[in-house]
Amino acid sequence: MTTYISNAFALSMIPDGATIRTRVVDLPAIAHKLNNPVSVVGHADTAAVFADMLGIPVAHNRATVTLTDKDTLYVGQLVGGRLPEGVTTLPEGFEIKWICVRIDADPVPMERHWTYRGVSIYGGLDRRADEIAALVGGKVTIMADPWGNPHWDIEGVGFSGSLHDD
């Protein structure tokens, strides 16, 4: 379980097939609560600006990371242009938008007994999944997300789909 601070996010940071969630956060308000975050800030000037803004050490570190579902990545997105060379504080007219990036844990298979043919929304999704699978000559697998919510994965010849109650 590692917390990272970065000035960029790249698809190479996530494993194949990962699902990511992002949200805007007020990192300066919570930075003092972070437990030794690992910097992966690729530019020295940007690291200095982040350290000044957050009030915690942020090193220049051109490291490559691959996130897991236990990690948190805080990305400081510079808004307002490119930082001038040599700055250590955020110049007027610039701002940092902080984005929290997390990977969802892999879904786990669920037993069908509690959803099958019920009258709830899940029973309706269960019936539709079976109908679609029959139409495409495929099969249905019920999976649970990290919070226990079911979704129905349907695989058939030339078809792949998912039903869920988002």
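The values are calculated or read from the model by the stated rules, or taken from the named source; none is laboratory data. Note that the structure is a prediction, hence the values are computed from the model and not measured. Neighbour counts are summed over all protein chains in view; Cβ atoms, including those assigned to glycine, are modelled from backbone coordinates with ideal geometry.
Things to note:
- The stretch 1-45, residues that are touching a strand residue (DSSP E or B) at 6+ places or on another chain (Cβ under 8 Å), at pLDDT 90 or above and of a type in the set (Ser, Thr, Tyr): Thr2, Thr3, Tyr4, Ser6, Thr22, Ser39
- Between Leu27, Leu34, the distinction of being among the hydrophobic types (A, V, I, L, M, F, W, C) and more than 16 Å from Val79 (Cβ to Cβ) belongs to Leu34 only.
- Residue within the stretch 78-85 that is farther than 12 Å from Asn7 by Cα and either in contact with a Phe, Trp or Tyr (Cβ under 6 Å, 6 or more places away or on another chain) or not assigned by TED's automatic domain parsing to the domain that holds His32 (or both) present: yes
- Only one of the numbered conditions (1) surrounded by 11 or more Cβ atoms within 10 Å (Cβ to Cβ); (2) closer than 30 Å to Ser162 by Cβ; (3) of a type outside the set (Asp, Glu) is not met by Met1, and that is (1).
- Of all residues making up the stretch 5-40, the number that are without any contact (Cβ under 8 Å) to a residue 60 or more places away in the chain and either of a type in the set (S, T, N, Q) or not assigned by TED's automatic domain parsing to the domain that holds Ala59 (or both): 4
- For the stretch 29-44, the set of residues classified as surrounded by fewer than 17 Cβ atoms within 10 Å (Cβ to Cβ) and in a helix (DSSP H, G or I) consists of Ala29, Ile30, His32, Lys33, Ala44, listed by residue number.
- Residue count for the stretch 91-140 satisfying the condition of being at pLDDT 70 or above, in contact with a Gly (Cβ under 7 Å, 6 or more places away or on another chain) and assigned to a loop (DSSP other than H, G, I, E, B): 4.
- Considering the stretch 45-60, the residues that are of a type in the set (A, V, I, L, M) and not in a helix (DSSP H, G or I) include one that is farthest from Met13 (Cα to Cα), namely Ile56.
- Residue satisfying condition, being more than 15 Å from Leu34 (Cα to Cα), surrounded by 13 or more Cβ atoms within 10 Å (Cβ to Cβ) and out of contact with any Asp or Glu (no Cβ under 9 Å at 6 or more places or on another chain), within set Val49, Val75: Val49
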